[in-house]
Amino acid sequence: MEQKVKVSFYLKKNEVNEEGKCPVMARLTIGQSESVFSAKMTVPVSLWALGRAAGKSLAAGMINRHLDGIRASAMSHYRELSAVRENVTAEDVKNFLLGMASGQETLLAYFRACNENFDKRVGVNRKAGTAKAYWGALKHLTKYLKVKYNLSDIPFTSLDRSFIDKYDLYLRIECGLAPNTILWVTALFKTIVRKAMTEGIITANPFAGYEPEHPVPNRKYLSGKELDKLMTTPITCPKRCIVRDMFLFSCFTGIS
């Protein structure tokens, strides 16, 4: 469920400088969470009214455009984060707004880098077939983000259990993949996430508690009752008798 997002501004009047200017602070509220941060500008106290610069002067216009930009960016970051995860907080949005997470690896970029490193080891201690499978898993994930959220990439912190569950459903329903294929695709994705956790890029495992649907295995052997029936069923054709005897011989001797 989408939460109410509000961005308001106020002056930090206890830090007025010699020019009569105060730092502008932004208060971001998302649902029940709240976070405060600096708007990285100072404004004359005399020019401030009701959370904005008053008047139509050039200075007031520049100040208000800057504040409107912060508000628009906060809304944009919230929409991107909430598209792929639940319970986005004001602190999450603030971190991305201020660039605290800008140095963090993003999911698809990291996945792609891992695949490129894997390719370099093909023929040494890695197989070409496995490399192809990793690229296929990346292709599915890339298409999912584009089709469902119109995103080209997401930060690792956007990953949570709800993202994994929705991705599983997408593979199952919209892509129509068989359980065995989904098991393989998600296993490769999980390997990439585990590698990111090992490198300290993320700390929480988004796959925790996730269990993909396992295909029902096809029985590849005869039961004792079926074997008895095969031995006791009358066969009139000599060639079929030979085939049956050879099969029974292989069953009892272990010859495949």
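Laboratory data are not the source of any read-out in this text; all were calculated from the coordinates shown. The shown structure was predicted, so the numbers you read here are calculated from the model rather than taken from an experiment. No Cβ is skipped: glycine too gets one built from the backbone with ideal geometry, and neighbour counts run over all protein chains shown.
See the values below:
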{"quantity": "Axial C-alpha extent at least 15 Å, average Kyte-Doolittle at least 0.0 - helices from the chain (DSSP)", "calculated": "58-84, 179-198, 238-253"}
{"quantity": "Kirkwood Rh, Cα atoms: Rg over Rh of region 5-97", "calculated": "1.03"}
{"quantity": "Over 24 Å (Cα to Cα) - which of 132/195; 190/220; 12/94; 120/166; 166/190; 21/56 fall in this group", "calculated": "190/220; 120/166"}
{"quantity": "The chain: relative contact order in percent, alpha carbon pairs under 8 Å with at least 6 residues between", "calculated": "11"}
{"quantity": "Residues of type aspartates and glutamates that residue 229 reaches as a straight line, Cα spacing below 20 Å, ignoring anything fewer than 8 places off in the same chain", "calculated": "245"}
{"quantity": "Separation of alpha-carbon centers, region 131-166 and region 1-61, rounded to whole Å", "calculated": "37"}
{"quantity": "Segment residue 222-residue 50, length gained on full extension (0.36 nm per residue, minus Cα span)", "calculated": "53.7 nm"}
{"quantity": "Packing-based exposure ordering (other Cβ within 10 Å, fewest first) of 46, 35, 162", "calculated": "46, 162, 35"}
{"quantity": "Neighbour-count ranking [beta-carbon atoms within 10 angstrom, fewest first] of 77, 214", "calculated": "214, 77"}
{"quantity": "Kirkwood hydrodynamic radius (C-alpha pairs) into Stokes-Einstein, region 168-231, 4 °C and 1.567 mPa s, D in µm²/s", "calculated": "88"}
{"quantity": "Over region 135-256 - Rg/Rh using Cα atoms and the Kirkwood inverse-distance radius", "calculated": "1.30"}
{"quantity": "Under 14 Å from residue 148, Cα to Cα: aspartates and glutamates that are on another chain or at least 8 residues apart", "calculated": "80, 165, 168, 174"}
{"quantity": "Residue order, fewest to most surrounding Cβ atoms within 10 angstrom, among 253, 191", "calculated": "253, 191"}
{"quantity": "Added length on full extension, which subtracts the Cα-Cα distance from 0.36 nm per residue, residue 146 to residue 232", "calculated": "24.9 nm"}
{"quantity": "All-pairs Cα distance distribution in the chain, expressed in whole percent, bin size 10 Å", "calculated": "6, 20, 20, 15, 14, 10, 6, 3, 3, 2, 1, 0"}
